[in-house]
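Report on one structure; see the data block that follows.
The values are calculated or read from the model by the stated rules, or taken from the named source; none is laboratory data. All values reported here derive from a predicted model rather than from experimental measurement. Note: ideal-geometry Cβ built from the backbone for every residue, glycine included; neighbour counts use all protein chains shown. Please note that ligands, DNA and RNA were not included when accessible areas were found on the heavy atoms of the full protein model with its side chains. Shrake-Rupley method; radii C 1.70, N 1.55, O 1.52, S 1.80 Å.
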Amino acid sequence: MDVHFLEKTGIQPGDSGETCSDTYNQADYLERRVSDNLAFIDNLPPLKALGARSVAVVGFSEGGMVAPLVALRSPKIGWLATGGSGGLPQSEGFLIFADRGVAPYANPLSRALFLKTFAAIKADPDSLEKEFMGHAYRYWSSHLFYDPLLTYRQLDIPIIAAMGEKDESEAIESGRALRDYFAQHPGKDFTFIEYPNASHALQAPDQPHLQDYVASLADWFKRQRPAPR
């Protein structure tokens, strides 16, 4: 099994993440990441030669927002796996954390500050000069208000999603929203795994679930062979 990892546009070998180039900032938004991945699948010779539903796409954290859109738009995708990502808009997750008192969303940030900033981002969605929490408004406008369930509802391939109960970056309520939606649609092939006491990286105090989850995916792909479209 071949594994391909596509880095974001503008990241160069040796980059530490302490500073971001203009090229990176200009390309750092959701639709660009999706289109870059689709172009990669369509143009890399080994992938280009494959038929429908023959490629699995895996997305963790922010990539868990990108991967479902890639799966929806590429007929080559036959399986979708995500980690640390759910079914609520990111803006709702931030407010959930603020209301629950989770740092930094509740302190030094707050629900009131988020609502004010969300309005500012919507008013100037393409700005590369204005920033919030380390990203330009253009980045945030593409991520914060996107509703993942709109994409998940259209998928007809096997899907597996994993989250940690104590995820500090994506509210577990987001994963449970995904779980609850598919519970109401039992005809869909969906699996949700919630690791007790685990973090965003699926790390529990006594168990590194990330390794277990990734190791299990190869067998899951083999078991969940979708029928040709």
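A compact table of results
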read-out: Pairs, first over 20 Å from Glu92 (Cα atoms) in the range 174-191, second open to solvent by 30 Å² or more (accessible area, probe 1.4 Å) and of a type in the set (S, T, N, Q), C-beta under 8 Å, six or more apart; value: Asp189/Gln224
read-out: Elements of type helices (runs of 4 or more DSSP H) contained in the range 23-81, each with 1 or more residues being open to solvent by less than 50 Å² (accessible area, probe 1.4 Å) and under 27 Å from Leu202 (Cβ atoms); value: 30-43, 63-73
read-out: Members of the range 74-104 that are within 21 Å of Leu217 (Cα to Cα) and β-branched (Val, Ile, Thr); value: Ile77, Thr82
read-out: Only listed residue being touching a helix residue (DSSP H, G or I) at 6+ places or on another chain (Cβ under 7 Å) and farther than 26 Å from Leu210 by Cβ, chosen from Ala39, Ala136; value: Ala136
read-out: Residue count for the range 192-213, restricted to those that are over 20 Å from Val102 (Cβ atoms), in contact (Cβ under 8 Å) with a residue 24 or more places away in the chain and not in a strand (DSSP E or B); value: 3
read-out: Condition check for Asp156: among the charged types (D, E, K, R), touching a Lys or Arg at 6+ places or on another chain (Cβ under 9 Å), under 26 Å from Leu178 (Cβ atoms) and in contact (Cβ under 8 Å) with a residue 24 or more places away in the chain; value: yes
read-out: Contacts under 6 angstrom Cβ, first residue in the range 124-143 being in a helix (DSSP H, G or I) and of a type in the set (Ser, Thr, Tyr), partner surrounded by 20 or more Cβ atoms within 10 Å (Cβ to Cβ) and modelled with pLDDT of 95 or more, 6 or more apart; value: Tyr137/Ile121; Tyr139/Tyr29; Ser141/Ile121; Ser142/Tyr29
read-out: Criterion (of a type in the set (S, T, N, Q) and buried (at least 20 other Cβ atoms within 10 Å of the Cβ)) met by exactly one of Ser141, Ser127; value: Ser141
read-out: Selection count where residues are within 27 Å of Gln26 (Cα to Cα), within 21 Å of the chain's Cα centre (by Cα) and not aromatic (Phe, Trp, Tyr), scope the range 97-121; value: 2
read-out: Failed item, numbered, when Gln154 is tested on (1) in a loop (DSSP other than H, G, I, E, B); (2) in contact with a strand residue (DSSP E or B) (Cβ under 7 Å, 6 or more places away or on another chain); value: (2)
read-out: Selected residue [farther than 18 Å from Val55 by Cβ, among the hydrophobic types (A, V, I, L, M, F, W, C) and within 16 Å of the chain's Cα centre (by Cα)] from Ala171, Ala198, Ala183; value: Ala171
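Residue-wise test of (1) free of Cβ contacts under 8 Å to residues at least 40 places away in the same chain; (2) open to solvent by less than 30 Å² (accessible area, probe 1.4 Å); (3) in a loop (DSSP other than H, G, I, E, B).
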| site | (1), (2), (3) |
| --- | --- |
| Leu88 | no, no, yes |
| Ser91 | no, yes, no |
| Tyr105 | yes, yes, yes |
| Leu115 | yes, no, no |
| Ala119 | yes, no, no |
